[in-house]
Each structure stands twice: as structure tokens, then as C-alpha cells.
4 protein chains.
Amino acid sequence: MNLIDQYKTVRAHSLKICEGLKTEDYVVQPMEDVSPPKWHLGHTTWFFETFILMANVSDYQVFSTDYNFVFNSYYEAAGARVIRTDRGNLSRPSLDQVYEYRKYVDEAMAIFLAGKIPSAVNDLIVLGLNHEQQHQELLITDIKFILGHNPLFPTLNLALDEGELLNSGEFVSFPEGIYEIGHTGEGFCFDNELLRHKVYLNDFKIQKHLVSQGEYLEFMNEGGYEKFEFWHAEGWDWVKRNQAKGPLYWHQVDGEWMQYTFAGLQKVKMDQAVSHVNFYEASAFAAWKGMRLPTEAEWEIASDQLDWGLRWEWTNSAYLPYPGFCKAPGAIGEYNGKFMVNQMVLRGGSVATPKGHSRKTYRNFFHAKHQWQFMGIRLAE
Amino acid sequence: MNLIDQYKTVRAHSLKICEGLKTEDYVVQPMEDVSPPKWHLGHTTWFFETFILMANVSDYQVFSTDYNFVFNSYYEAAGARVIRTDRGNLSRPSLDQVYEYRKYVDEAMAIFLAGKIPSAVNDLIVLGLNHEQQHQELLITDIKFILGHNPLFPTLNLALDEGELLNSGEFVSFPEGIYEIGHTGEGFCFDNELLRHKVYLNDFKIQKHLVSQGEYLEFMNEGGYEKFEFWHAEGWDWVKRNQAKGPLYWHQVDGEWMQYTFAGLQKVKMDQAVSHVNFYEASAFAAWKGMRLPTEAEWEIASDQLDWGLRWEWTNSAYLPYPGFCKAPGAIGEYNGKFMVNQMVLRGGSVATPKGHSRKTYRNFFHAKHQWQFMGIRLAE
Amino acid sequence: MNLIDQYKTVRAHSLKICEGLKTEDYVVQPMEDVSPPKWHLGHTTWFFETFILMANVSDYQVFSTDYNFVFNSYYEAAGARVIRTDRGNLSRPSLDQVYEYRKYVDEAMAIFLAGKIPSAVNDLIVLGLNHEQQHQELLITDIKFILGHNPLFPTLNLALDEGELLNSGEFVSFPEGIYEIGHTGEGFCFDNELLRHKVYLNDFKIQKHLVSQGEYLEFMNEGGYEKFEFWHAEGWDWVKRNQAKGPLYWHQVDGEWMQYTFAGLQKVKMDQAVSHVNFYEASAFAAWKGMRLPTEAEWEIASDQLDWGLRWEWTNSAYLPYPGFCKAPGAIGEYNGKFMVNQMVLRGGSVATPKGHSRKTYRNFFHAKHQWQFMGIRLAE
Amino acid sequence: MNLIDQYKTVRAHSLKICEGLKTEDYVVQPMEDVSPPKWHLGHTTWFFETFILMANVSDYQVFSTDYNFVFNSYYEAAGARVIRTDRGNLSRPSLDQVYEYRKYVDEAMAIFLAGKIPSAVNDLIVLGLNHEQQHQELLITDIKFILGHNPLFPTLNLALDEGELLNSGEFVSFPEGIYEIGHTGEGFCFDNELLRHKVYLNDFKIQKHLVSQGEYLEFMNEGGYEKFEFWHAEGWDWVKRNQAKGPLYWHQVDGEWMQYTFAGLQKVKMDQAVSHVNFYEASAFAAWKGMRLPTEAEWEIASDQLDWGLRWEWTNSAYLPYPGFCKAPGAIGEYNGKFMVNQMVLRGGSVATPKGHSRKTYRNFFHAKHQWQFMGIRLAE
């Protein structure tokens, strides 16, 4: 697909995700890490306006000078910004204005893309499209959080393909030795995947399939949330402070475990991959099983033999730079490198990840406490 | 006006206030004490559904069983409720549904009001209408807070009649002696105004007119916010913690003081009554002037000779029961009595108060720290 | 007693209170409103050094220039100060140094008092002695808090005379009319008691005796802490947030109510006056009884016919200025006036109040939430 | 040295460190991560009482049953414990009692050590001694924090040997290849160092010497704390929230940088190794230099050619398990494994580390935000 078609396809998909929403759903922010859908739509647009149009189109008229303040996320180099906890207080710009903003920028981008694009700008546009795809996944997880925390548990016409979980408990084995990880080749990747390099791994085994909700319920039923010995100290504090009893979106109703999905409150399906568990829960489950989580290197080496794509899989690797990593200069350099502390790496991809966005070298990362992404568990030993 | 016309008039006025809003404006809650406009519209409706229709219409079908949870405010006797800080996270029920809810309840009320109404129920309906009028004022102040804290400073077509402030500094004097305060007579009043009783007052003088923005600016310019000696200890803490420099909605732009109004960011008008000051600021201003705030008894005695109706005027009286006050039994008893600690009395009425709602015995009350109502200052000595 | 003897007597009594403490007990601050005993000893000394010696003795050498910073409490006019929550982090000045400081200042005061004292300075010294007596009561309540929150429940050789509680339920009645309250006459009083003035009271009855622990336990046993209808809204929040079940220092051990006293953990004595209840609890108890708390005016009028001196008695009066009240100029003006918001008046005196310190016009005041003083309940109707 | 002599030597050193303290200094806790010296003395003793004497001496009489509650730190398996933020509120047990407790346990240990010790118990005693040595370092850093945050800046007779910093900027180089890290051999080590294993490293260079205070001041003078581009996102938040301007204990007095040491407030010595910087600061400094922090594997491989022992050196490695790591069963298993999330590894040892306690495989770890240990910087590239 040429760049102009890619641009149109990706941009259209963001609107597709939001199709079933009511205007009110676009506005709220029930926790700090969730952003209002309206904001995601504006922020991804701001990326193209700021880094492509303003930087390359000499007579470009900014849609609104206030929008840099409202829609910048964390790019310090790009100026002041609304603090994250305030996004849910902004009724304006209205949804109509945000849609108008998208249209305005898309039209300017169409004109720009019809011309000759220098290679560096081309790369930046591809980055912008991958950035928008990341926000498409966040749109889905944030919408789920917004509706799933509403006491009316609204449904939404947004199907996520859970496929089929083959849960045989089968392992794949790898011998000790030198392996290579990291991205290589032609296609797009983020800077944090680059610099393919050697790692030395001990013998390891890794499960072909993800942990199911049925297995996780067994852990819960055997007192997993009451036994400190399975948990990190921080994880145990999290359990007690939040009186955690199970994954996010699980509710015990009349003695039965239900979970919120876009189809409303449903019985927990035992043969689905468990989702919405944080790193503490994933680690505690593994400890209870007498196993452990894989490292990201193990995961990448084994990936061709694994089923994957249903859940972002917690690894036991902290998010750190690959050997030789350097931040790019300027605002784009803030994309990844500055988050390389106190985050854990997740590998794979999920039912909410746009088709073709992830790959086996992809390094997703979140703080250990988060549950609201489609995060699951794969075991190793 | 008969009850059915009163009902229609009052209910229609709530919608009138919201006419210029966008759907998004109905949803957000930028501070705990502010409620989303959508919530005010639902809550006032819930009052009639719960206390009139459910209690008196045997075959009444509740619009939605979830709404008691969502729209109850603080009536413990009426069941569980959404905590106040969560109201701004609720995108559903949607605005459409809330309007439908109003329509549904209004139709049921119309049928009910066409029949014979027992006197006690009649009183409760009148209470419900006065309750809705209180929320009409809150609608205006909360909308102002929502728009006034948006970085785009949106305008709204909602005119408030500031009238003319006569600011001659003239005083009215009263001799020492026994006076009577409290409500008497036929019309509606709240339970906290009842029990007309004698009070003994010393000689006092009270200003006929409110303090102007120009006078208040003089206080600011003479270092009012830097001199602890004018402030209560709690007030001084408030100043320092919030780095307060002036009333709410005042912004210094290029050396000039501007204020947010529904017409957008405007130059401060010197001959308008100062507004959006809290009790700490009102007291500090009075101390700087070498005067004091009136007590609520003084205010009520003098009221016939005062201009009033532009601002809720801070008094130096704490909100406490009148001699002989008893809470009514049941949920309605929670209306006033349970707030009688740590609040100050405000008297008068404001540009945002519905016509005919206030009266000279009316006891409004807020915590000393609040600024977001149309609160002003009158001096006594 | 002449001033020099008064000075010696009062100053010696502070040390007497601390006699049984260990050095470690002087240092800690388990909640913000409690101060370390060491700090009380230093602060009361700092008062005499700053307001008497530095102001009146031309060649006076300050003991340590750092002490103004450490031992100033809230006198903004007297310079910067250690914030209250930090007092418990200061291991230095050591206890020895504080005792040395007391000795140094006492010696300078002895010399000064041997000379001719101008009347205004004489008044300030008397104020300083009354100030120290207030801190003597705080010393006792703060020591009780420190030891009573230690898991070892240490005993202390500090007897408080509980006397005998006559608990007949007998009332004293007063007819409607004009009464006078406020201090008059020769002796010392605080500025907040001055300006004797007329008040108009309705008929009222007030109990001769305080509420006993037995009566209060009955309230607890009948679900007093589970029924919102007896409580102020704020009080009910306090109950739920703190999971309050009874007065401070009460612990249920093996089904029996025990209370911490300086004699250790003891069975609750049913015929003692209830203590360590806050305003919310006192009000809820009164509501449960179908009565109310007296106003401070009622209390003062009735005081000659009441038993009192065992507990500081919560009134239903907010702490506000008497008609005509003006703050004194300078630091001493900060003594009382600046606290006149969001506090309730307590009348009487307690087992921890130094002999001769209180009187019937005395206005003690605390925030409604506090329990750690010897606070009790008297009913009116 | 035999075990009994080792025991006596280590135990005596804890008391030696505290020699110059006043009783008051033993009690306070000015931040959550600091513990009162009294608590360290009790806690290290509780370790021997609980895990050695109670477990192995059949007729052992516990010194006080309350002490398990007071002196347990984080061993969930060993029962309830005082939460960390409350340790500074405990005036009892008094220092005398803690010393008595040490004496009592030491006497029981002397008797026990005179007998035949099973090998597993022997190992546990050695662990206990290493545990006490870790607390000896904490004693020094916590005492420094307590005195260094006192407005009087007290001095203490506790010399730390800063040695000589050779600061030539010289690098040591290592070629790409397979290396081995982890403990091997006979001597004591912690479980987190075990399981010597292969790692694959790229070419790297590492500085022989630590970064000096002079170099760090250059970073500060060139706006290091004002330029977000050198910082992790979390680090930049930390800078802004704390208005950080330099290392802990540095104060700008009359334009000159001073630092608190046990000798009081002193001019910053330019040729000393910089200390009391957190991971954010160390990383920002490295980014400013265009270099990076070493990984823990690089550090360990290079260690024989580095000067070290003055500072705990931040690495860019997260604290994670070595391949094959398993937690030991029971309370001792809580020693290390449960902290393996959200902490960074520090290598080396410091002026406060007891002689002989550290080694080149030693893995110290702290959260990225902490400054209060003697933490320094070594650069790599």
C-alpha cells in the first residue's frame, strides 16, 4: 500500500473504533492513565500537524493555537501541556471541533502527501501512523475502562476476535547458548527494538499457549490472593490496599464470577485466555504454579513456535535500553527512551492491537501495577 | 400560580439554563463540589420520582432502578449512592436518557397533579420545586466553573443581570435592643428559617451597598494577600497553599486584571459588586478596612433598608440551629439539619438565584473555603 | 501570691507533670495536633524569652538564635517556624538543652521580676503564665496520646482526680429572657471572654451532671455508631472513614470494653464521666437521647448550679467573637482571634486543667473532630 | 575468626556506630524509609531471637512477646508488625530496654554458640551477621538523615574514610564476548548473587574512577536541573515536584554550595566522589556527558580494574533474578526475592559499608528515587 492509502486507512480506523460511542463517552477520564477518546482523536491529529505540517509546509495555518496546549501528551520539547489528570475536565474543544480538526489536518496531509516527500519526513509519517495505531489500542482499552466502570455496564458494538485458546500445557524447549534478538531488516520498527544483538541464554522451556481464565480461577479458589508467599512485596501491598480478589472487570455476583466485556456483564468463559491481570498477579500465578514468567529474550527466540496475538504477555524483563541505544534528537527522541525505568516489558500483541501493528521484536511496556490493557500470562521454566 | 403551573414553570427553567451548552459540557466535574449539569437535571427529577411518585402513586413504574444509585445525592435514608467525586466519570446515563427521564417523570407528575393532592404531599412538592431552584443556581455556578476552568475560556449565551451597584459607603444604624428574626407567615420556607425568636443585639451599623471590585482591587494592591495579620489562621494557610492572589476567575494578563464571565475573559469592571470570594477573603477584606462582617441577625433586621440580590453575602455567623429546631423524620429531615457544623451563613441572594426563590429570612450556607458561588461582601461595624 | 511566686509555681508545675517520663517520651509526635513534650517545655519558655526578656531587657543575650525557629508555634509576627508536622522529627535540641534553656530563662526572669515591672508588662507575664497553664493541660493530653498509642500501653505515675460523678439525670430550668455573659471584674481573663454583653435566651433546661460512660455505652450498644440519622453529615463521614466504634482509648478485648488510662489498660468504669468524645459523637449521643447540647450562653448562665470541672463540655456554639471584639495589635493579637472559624466552644474545665486556671466565662475551643482532650457531654433541652 | 568471635565483633560494631548519639536521636523517623536507630538495634536482635534462639533452643524464654510486633520489619511469615511510618511514634520500648534486650539475646546466643551448631543453623547465623552489617550501613545513613534534617545541623563524632579520589577520566576497555557473573566459591553470599552464569556482552569501556563533586557541580552549573532532555520522564517529574537543585544535603548559602556531613555544614569538596544522588540524577548526569551508566554485568566483569568502595554505584540494570533463582522456603525466603520489581541494582560498597561486608558479586538495590544512601556515579560507554 502506498503512503497515502496507508494514511487514509489508519486514520479511518480510529473513527471506526469510536462508531458506537455516545458523545458523552468521549469526554470522561475515570483514572489518570485512561484518556478521554476525544483526546486520543485530537492528540494523534496533533502529532501530524506539529511534526509534519508545521515543520514542512511553509504556509500551513495552524487549526487552533490552543490545541498544542490541549493535545500535547508528554513531549516537553513541544511546549506546555494539560496535565494528564485534567484531561477529563475539558468539555471543550467539543467532539465536533475535534472531528473538524481531524478533517482539516487530513486534507492538508492529503495535499502534502501528493507532493514529493523527503525520506526523513516519510519515516516520520510512518512513525505517526504507528503512533496512531498505538492509540487505537488505547482507545479500545480506555473505552472499556470508561464503560466497564459505569454502574449501568453499557454494551458496545465492538467485536474483538478472541479466536480459540489451545490450552494443552505443551512446552517448547531451547538449549543453552548464544541467540540474537532485536529488529533487523526493512520494515518499520520503533527505536527501542533496534540494534540486534547477541544474548546468552540458559536452557529454558516455554508454554506454547496462554494461561486460561479457568486456570486463573483455580489460583483464586486456592487462596492465591490471600497468601503473601506468592507475591512480590509491592504486589502484596497492592493486593491489600485495593482488596484485590481477581482480574480487573471480574465481579462476583450471587456466588458466580462474571466479567465485563463489550457485550455487557457475562459469565467468565473458562477456556479464554486470562486478561486484565497486572505484573504482580502474573508473577504470583507463576509462583503458585512453581514456574516463572519468561524473559523478553526467551520470548522472542521462542516466538515462532508460540501462539500469540491474543494478549500482551508480561515478561520478567524490565524495560531497559538495548546495547548501544541512543535517543534520537528533538521531540521524537522522547518517544521511548525516557520511559526506561520502572516499567516491565510485554511481548506479543492483543485482540485490541490493530492488524499488522505488532511483530515479534515489538517491546511494549507498562508499569507493573496496570491491568487495564489486555494483559495475559505465559509460563516458562 | 397553581401548583401544576408552578411545577411546569420551575421545571422548564432548568432546561432554559442549559440551552446554550454542548453535550460535552453536561458531563464533566472539575472539582468535587461541582456536579455535572447532567447530574443536576437527573437528581432534581429523582427527587420527584422518589419522594412523590414512588411514595404516592401505587402503580408507578420506576423509570430505571439504577437511577436511585446514580442520582441520589446525600440522602442516606434513600439508599446507596455514587460518591460525589465519581459523578464526573459517568458518561451514562446519556444526556438523551436524562431528558427522557425528565419527560417521563414530568408526565407522571402532570397526571398526579391533576388529581387531589393531600396537604402534606403538596408541601413536599413545593419543597421539591424549591430544591430544584437551588439546583438551578448550582447549575449556573457549576457551568461557570466548568467553562471558566477550560483553557479555551468558552463563552455562553446566559445573561446574568448585574444591575447597578450604588456604592456610596452609606451606613444604616440600629440601636441596641431586642429584635426578632426567623420566618413567620404563610409562604414557603425551609425548616432552618422557622421558629421566629428574639435576639439581643448591640448597637450596629451596616453598609447599604456591597463592596465593589474596585475596592477589592485596592485591598489586593495594598498587599492584602501578603499580610497574615488580616487573615484567620486557616485563611492564611489557604492563601499560601493555593498561592491565592485574588478572587476566583481573576487572571492577571499583561499586568491587567481580567475576569472570566459568560461573555469570556473580560476586563474587571470596577463598579461591579465583587464576587467569588470566600469567607477568609471576605473577613480579611473587612479586617483591612477596620470593620467586620455582619451577623446573620443584624443582616436580617437591616435587610429592608439594604440593596440586595446581587451576591450571597458572607456573614460572621456559623450555620447553627435556631432555638427549638428539630429535624423532620425520614429522608426529608436530612435536608438541612445535618449540615449544621463547620459552615458559615450567607444571606441575600445572587444574580444566579431564580426570581422569587430567596427571601430575607433565607439561610444559605457554605464552607468558609468556597468561592465558586456568587459570593460577595457587605461591611458592618 | 505575688508575681514572682506565681511564676515559680507555674513553671515548676510543667516539670512536675513530666517527672515520670523517659527521655524518649519527650520526642515523638504521633499525630499532627499532638506536640512532643520537649517542644511544650521549650515553647512556653520561648514565650517569656521573646515577649518579655527580649522586649524589655536591653542587654539580654538570647540563649540560642535557632530556638525562635524551633519553638515558635503559630505567631507569624514572630518569624519563621518549624511546621507542626515536623516537630516529631527533631531530636535536637536535646532534652538537656531544653532544661538548660528553661533554667537560663527562669534566671533572667527572676532578675527581671525583682525589678519594677510596668503594668503592661505585668499583664503580659500573667498572660504568659496562663499560656503555660494551657500547655500544661496539653502536656497531659499529648503524653496520654503518645503512651496510649504505644502497643505496650505503658503506665505513668500521673494521677488525675476523677472525683465522683453524681448522675441523677436532674435538670436545672431557666426562664426566657435577657441574660448577660462574658467576663467582668478584676482577675485575669483572655481577650475572647471580654465585653460582657446581653443575650436573649428562650426557656431552657440543662442537666446538672455529665453523661457517664455507662450511658454512653448504652448508646454504643443500641447501634449508635451504625445509624446515620443521629449524626451530622460530616460526623457520619468521620465514623465511616475511621471505622469509629467508641471514644478514643476504648478497646474491645475479648468482648469487654477496656480503656487506656495512665494506670494502663483498664475496664471501663461505668460511673465515670465519658471522655475523649468529639463534637460529632457528643451531638449524636444527644440526638439519640432526643435532647441537644447547650449553647455556650446557656452553659454560662447555668454554670453556678452545675457540677463541673471534670470534662471540657462540648457546646453547640461555634467559636465566634463577642460583640465588639477586636484583636490586640502585634503578635499577642494572634492569640485567639485568628482561630474564630470552624471551631466549636467547650466550657468548663477538666481533670487535666491546672487548678485555678479555668472559670465560668472561659471559652475553650477545638475543631469538631478532636477527641484527644478530656472532652465530655452535658445535655440540654 | 570463629563464629563466636565474629558474632561478638559484629554485634559490638552496631553499638560503636551509635556511641556519639543522644537518647533523643535514637527515636525519630523523619521519612518513611529511614528507621529510628533504636529500631535498627532492636530489629537486628529480633532476627537472632526469632530465627536462631526460638527455633533451636527448646527452653528459651522470649524477652518480651510484644517485641515481635515492634521489631519485625517485613517478614510476613513471622507475624504482624508495626507499619513502617509508625516506627517514629514509638517512644517505648525505651533505649535502655533495647540495650537490655540486646544483652539478653547476646547472652543466650553465647551459650548457644558454645554448643554444637548444625550446619544449617550456622548458615543462618552468618546470614544474621550479614543482615546486621546491612543495618549498620543503614544506621549510618539514617543517622545522617536525622541529623542532616535538623535545623541545628548537629555534628557527630563518626569518621568515614573518604580516601582519595583519583579522577583521571581513564577508561578500561573490554571486548565483545561471553563472560561469567555471579558468586562462586566458599564464602558467604546472599541468594541473589548465586547461580554463576554466562552473559554475552558487547564491547564496552568503563571509567576507572568515580565522578567527583566538582564534575557534578559543572553539570548543575550548566543547567542540568533545568533541561528535561537529560532526564527520564519520571526523573523530570521528581525534579519538578521536589524543586531539586542538587544532591541531598547540598545547600546554597550566600551563593556558595555547602554540604552537610558529620562534621557539620561544610564547603563542598570538589575532589570527593559525588554522593547522595539518585538514579534519575546519575542517569541525567551520564546523558549530559554523552555517556551512560554501566550494566551490573559490565561492572562485575570490570571490577578488578576499578577503584571502588567509596560509593554504591548506580547501574542501569533493574534488580531481577539470575537465571534459575528460586526463593528459599519460609521467612528467610522473603529476604531478597520479593523485592525484585521496580528497583535498580547498585554495585560496589561505600564509606559506610562495614569492612569485609561487600564483594564484587554483591547486588545492592534501591528504588530509583532514593538519595539517602552513599550513592555515586561511574560512567561507561
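The values are calculated or read from the model by the stated rules, or taken from the named source; none is laboratory data. Since the structure is predicted, the reported quantities are computational estimates derived from the model, not experimental observations. In this analysis, Cβ positions are derived from the backbone assuming ideal geometry, glycine residues included, and neighbour counts consider all displayed protein chains. Accessible surface is based on the protein model in full, side chains and every heavy atom, while ligands, DNA and RNA are left aside. Shrake-Rupley method; radii C 1.70, N 1.55, O 1.52, S 1.80 Å.
Per residue of segment D:362-374, in order, report the coupling 6.51 cos²θ - 1.76 cosθ + 1.60 (Karplus, θ = phi - 60°) as ³J(HN,Hα) in whole Hz, putting x for Gly and Pro.
5, 10, 8, 8, 8, 5, 4, 7, 7, 10, 7, 7, 7
Per 10 Å bin, what is the whole-percent P(r) computed from every C-alpha pair distance within segment C:146-270?
It works out to 10, 23, 28, 27, 11, 1, in whole percents.
What per residue convex hull volume, in Å³, comes out for segment D:122-179 when only alpha-carbon positions are used?
Values: hull volume 12.2 nm³, N = 58.
Cα-based convex hull of segment D:122-179, divided per residue, equals 211 Å³.
Select from segment B:17-68 those GluC sites (Glu not before Pro) which occupy a DSSP coil region and have at most 14 other Cβ atoms within 10 Å, ordered by residue number. Don't skip to the end; give the middle numbers.
Details: sites: B:GLU19, B:GLU24, B:GLU32, B:GLU49; in loops: B:GLU19, B:GLU32.
Here the sparse-neighbourhood loop sites are B:GLU19, B:GLU32.
Grab the eigenvalues of the alpha-carbon gyration tensor for segment D:181-241, scale each by 5, take roots, and send me the semi-axes largest first in whole angstrom. Provide the component values of the computation, followed by the final result.
On the way: eigenvalues 259, 55, 40 Å².
Calculated on Cα positions only, the semi-axes equal 36, 17, 14 Å.
Might you report the magnitude of the Cβ-based charge dipole of the protein assembly as shown about its Cα centre, with Lys and Arg at +1 and Asp and Glu at -1, to the nearest 20 debye?
Details: 140 positive and 192 negative charges, 1 e Å.
Roughly 0 debye, rounded to the nearest 20.
Return the long-range amide H neighbours of C:HIS232 (sequence gap of 5 or more, or a different chain), with a cut-off of under 5 Å between placed amide H atoms.
Those lying under 5 Å, H to H, from C:HIS232: there are none.
List the residues, sorted by chain then number, that are 5 or more residues from A:GLU180 or on another chain and whose placed amide H is less than 5 Å from its amide H.
Correct list: A:VAL199.
Can you pull out the GluC sites (Glu not before Pro) in segment D:128-179 that DSSP calls coil and that have at most 13 other Cβ atoms within 10 Å? Don't jump to the answer; show the numbers that get you there.
Numbers: sites: D:GLU132, D:GLU137, D:GLU162, D:GLU164, D:GLU170, D:GLU176; in loops: D:GLU162, D:GLU164, D:GLU170, D:GLU176.
Loop-located and lightly packed - D:GLU164, D:GLU170, D:GLU176.
Output the relative contact order of segment B:171-376, whole-number percent, from Cα pairs under 8 angstrom with separation of 6+ residues.
Working: 353 pairs, mean separation 50.5, N = 206.
Relative contact order comes out at 25 percent.
How much space per residue, in cubic angstrom, does the convex hull of the C-alpha atoms of chain B take up? Let's see the in-between values first.
Values: hull volume 55.1 nm³, N = 381.
So the per-residue Cα hull volume is 145 Å³.
Apply the Karplus curve 6.51 cos²θ - 1.76 cosθ + 1.60, θ = phi - 60°, to the phi angles in segment B:315-331 and return the couplings in whole Hz, x for Gly and Pro.
Computed from phi, the couplings for segment B:315-331 are 9, 8, 9, 6, 7, 9, x, 6, x, x, 4, 9, 5, 5, x, x, 4 Hz.
Angle check, please: helix C:279-288 long axis (alpha carbons) against the longest principal axis of chain C (alpha carbons), in degrees 0 to 90, nearest 10.
20 degrees
Between copies, how close do the C:GLY264 label points come, placed 7 Å along Cα→Cβ, listed in nm from shortest?
Shortest to longest, the spacings are 4.8, 6.3, 7.7 nm.
My understanding is that a pair violates if its Cα-Cα distance is over 29 Å; which of C:LYS245/C:LYS289; B:LYS144/B:LYS205; B:LYS208/C:LYS205; A:LYS240/D:LYS369 do that in this structure? Walk me through the numbers on the way to the answer.
Values: C:LYS245/C:LYS289 18 Å; B:LYS144/B:LYS205 34 Å; B:LYS208/C:LYS205 40 Å; A:LYS240/D:LYS369 24 Å.
Distance filter (> 29 Å) returns B:LYS144/B:LYS205; B:LYS208/C:LYS205.
Within the set of other residues whose C-beta is less than 13 Å from the C-beta of C:GLU24, count the net charge using Lys and Arg as +1 and Asp and Glu as -1. Numbers along the way, then the final one.
Numbers: positive: C:LYS22, C:LYS38, D:LYS22, D:LYS38, D:ARG87, D:ARG92; negative: C:ASP25, D:GLU24, D:ASP25, D:ASP96.
Local net charge: +2.
Starting from the amide H of D:THR261, placed 1.01 Å from N in the peptide plane, find each other amide H under 5 Å away whose residue is 5 or more places distant or on another chain.
Placed amide hydrogens put D:GLN266 under 5 Å from D:THR261.
With θ taken as phi - 60° and the coefficients 6.51, -1.76 and 1.60, list the Karplus ³J(HN,Hα) couplings across segment B:92-101 in order, rounded to whole Hz; mark glycine and proline as x.
Per-residue couplings from phi come out as 10, x, 6, 4, 4, 5, 5, 5, 4, 4 Hz.
So which chymotrypsin sites (Phe, Trp or Tyr not before Pro) in segment D:32-75 end up in coil per DSSP with only 16 or fewer other C-beta atoms within 10 Å?
Working: sites: D:TRP39, D:TRP46, D:PHE47, D:PHE48, D:PHE51, D:TYR60, D:PHE63, D:TYR67, D:PHE69, D:PHE71, D:TYR74, D:TYR75; in loops: D:TYR60, D:PHE63, D:TYR74, D:TYR75.
The qualifying sites are D:TYR60, D:TYR74.
Taking a point 7 Å out from Cα toward Cβ as the label site, list the nm distances between D:VAL126 and the same residue in every other copy, smallest first.
Taking the point 7 Å beyond Cα along Cα→Cβ, the inter-copy spacings are 5.7, 7.7, 9.0 nm.
Inter-copy label distances at C:GLU186, 7 Å along the Cα→beta-carbon direction, one decimal in nm, shortest first?
Shortest to longest, the spacings are 6.3, 9.2, 10.9 nm.
Please list the equivalent ellipsoid semi-axes of segment B:171-376, computed as the square roots of five times the alpha-carbon gyration tensor eigenvalues, in descending order and whole angstrom.
Values: eigenvalues 186, 72, 60 Å².
Equivalent-ellipsoid dimensions as semi-axes: 30, 19, 17 Å.
Which chain A residue hugs the A-C rotation axis most tightly by its Cβ, and what is that distance in angstrom, to the nearest whole number?
A:GLN243, 7
For the Cα atoms of chain B, what angle does the longest principal axis make with the long axis of helix B:37-48, in degrees from 0 to 90, nearest 10?
Helix B:37-48 sits roughly 60 degrees off the main axis of chain B.
Over 26 Å between Cα atoms, which of A:LYS327/A:LYS360; B:LYS16/B:LYS338; C:LYS269/C:LYS355 qualify? Intermediate results must be reported in sequence, preceding the final value.
Details: A:LYS327/A:LYS360 22 Å; B:LYS16/B:LYS338 32 Å; C:LYS269/C:LYS355 24 Å.
Checking Cα-Cα distances, B:LYS16/B:LYS338 exceed 26 Å.
With solvent modelled as a 1.4 Å probe, how much accessible area in total do chains B and C shield from it at their shared surface, in Å² to the nearest 100? Before the final figure, lay out the partial values.
On the way: alone 17530 and 17530 Å², together 32400 Å².
Summing both chains' loss of accessible area gives about 2700 Å².
Toward the positive end of the charge dipole of segment C:171-376, about the Cα centre and with charges on Cβ (Lys, Arg +1; Asp, Glu -1), which of C:ALA352, C:HIS276, C:THR295 goes farthest?
The residue sitting most towards the positive pole is C:ALA352.
Set the Förster distance to 51 Å, then compute FRET efficiency between B:ALA55 and B:LEU166 from the Cβ-Cβ distance, nearest 0.05.
E(calc), rounded to 0.05, equals 0.60.
Among residues other than D:GLU180 whose Cβ falls under 14 Å from its Cβ, what is the net charge (Lys/Arg +1, Asp/Glu -1)? Provide the component values of the computation, followed by the final result.
Values: positive: D:ARG196, D:LYS198, D:LYS360; negative: A:GLU176, D:GLU193, D:GLU296, D:GLU298, D:GLU300, D:ASP304.
Its environment carries a net charge of -3.
Measure out, as a whole number of angstrom, how far apart the alpha-carbon centroids of segment D:145-206 and segment B:111-130 sit.
80 Å
Report the percentage of all Cα-Cα pairs in the protein assembly as shown whose separation exceeds 58 Å, rounded to a whole percent. Could you put the intermediate results ahead of the total?
Working: 340843 of 1160526 pairs.
Tail of the P(r) past 58 Å holds 29 percent of the pairs.
Grab the other residues whose beta carbon is less than 10 angstrom from that of D:ASP33, score K and R as +1, D and E as -1, and report the net.
Values: positive: D:ARG84, D:LYS369; negative: D:GLU32, D:ASP142.
Here the count lands on 0.
On the principal axes of its Cα set, how long, how wide and how thick is segment C:3-148? Give whole Å, largest value first.
45, 30, 23
Rank C:SER91, C:LEU129, C:ALA114 by how far each Cα sits towards the positive end of the charge dipole of segment C:3-148 (+1 on Lys, Arg Cβ; -1 on Asp, Glu Cβ) and give me just the farthest.
Highest projection toward the positive end goes to C:ALA114.
With axes computed from alpha carbons, what is the tilt in degrees of helix B:3-18 against the longest principal axis of chain B, rounded to the nearest 10 within 0 to 90?
Relative to chain B, helix B:3-18 is tipped by roughly 60 degrees.
I'd like the distance separating the alpha-carbon centroids of segment D:13-75 and segment D:312-381, in whole Å.
23 Å
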